[in-house]
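Here is the structure we will look at, set down as structure tokens.
The values are calculated or read from the model by the stated rules, or taken from the named source; none is laboratory data. Fair warning: this is a prediction, and the values are worked out from it, not measured in the lab. Cβ sites come from the backbone with ideal geometry, for glycine too, and all protein chains shown count toward neighbours. Quick note on the areas: whole protein, heavy atoms, side chains included, nothing else; ligands and nucleic acids left out. Shrake-Rupley method; radii C 1.70, N 1.55, O 1.52, S 1.80 Å.
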Amino acid sequence: MARIAGVNIPTNKRVLISLRYIYGIGPSNAVDICKQLGIPDERRVNQLSDDEVLRIRELIDRDYRVEGDLRREIAMNIKRLMDLGCYRGLRHRRGLPVHGQRTHTNARTRKGKAVAIAGKKKVTK
């Protein structure tokens, strides 16, 4: 099992797919990494030599911000917005959608499970 950027990547999948298990590397970055190192698209991780794994690890460490550093940077950006008290920071603080989505009916992922509000009891005559 190859370990890159502190993540054990799956061995029986293609390199393009396995690199996506690293936080901060998506489809386009995975393709760029393979092109820079000259690794064919159909090559699987268990077919990589130790030298190729080492070259992938060095390239990612040198050119990409991944895993802990990226998570820390994103958290600091959100914290900065919250400390400023700007609109986006207030939305983060309240746990509401940040990018202008509607909240009247949707946004359950961000707001959590719906809570019933007790209404007036009907008086029978």
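Farthest toward the positive end of the dipole of the chain, out of A114, P40, H92, is the Cα of A114, where the dipole comes from beta carbon charges about the Cα centre.
Candidates I60, I74, Y21 compared by Cα position along the dipole of the chain: farthest toward the positive end lies I74, with charges placed on Cβ. Residues in segment 86-103 carry Karplus couplings, in order, of 6, 4, 4, x, 5, 5, 4, 4, 8, x, 10, x, 9, 9, x, 6, 6, 10 Hz; the curve used is 6.51 cos²θ - 1.76 cosθ + 1.60 with θ = phi - 60°, and Gly or Pro positions show x. Close amide H partners of R43, meaning residues 5 or more places away or on another chain with modelled amide H under 5 Å apart, are V15.
Taking the C-alpha atoms only, the angle from helix 50-63 to the longest principal axis of the chain is near 50 degrees.
In the chain, the longest principal axis of the Cα atoms and the axis of helix 27-37 are about 10 degrees apart.
A 1.4 Å probe over all protein chains sorts E67, E58 by accessible area into E58, E67, starting with the largest. What is the percent carbon and sulfur in the accessible area of segment 1-105, measuring with a 1.4 Å probe over the protein chains and ignoring ligands? Using a 1.4 Å probe with all protein chains present, segment 1-105 comes out at 48 percent carbon and sulfur.
When Rg and the Kirkwood Rh are both derived from Cα coordinates, the Rg/Rh ratio for the chain amounts to 1.25.
Centre-to-centre, using Cα atoms only, segment 50-79 and segment 1-49 are separated by 14 Å. Here the dipole of the chain is about 1860 debye; that uses its Cα centre as origin and unit charges on the Cβ of Lys and Arg (positive) and Asp and Glu (negative).
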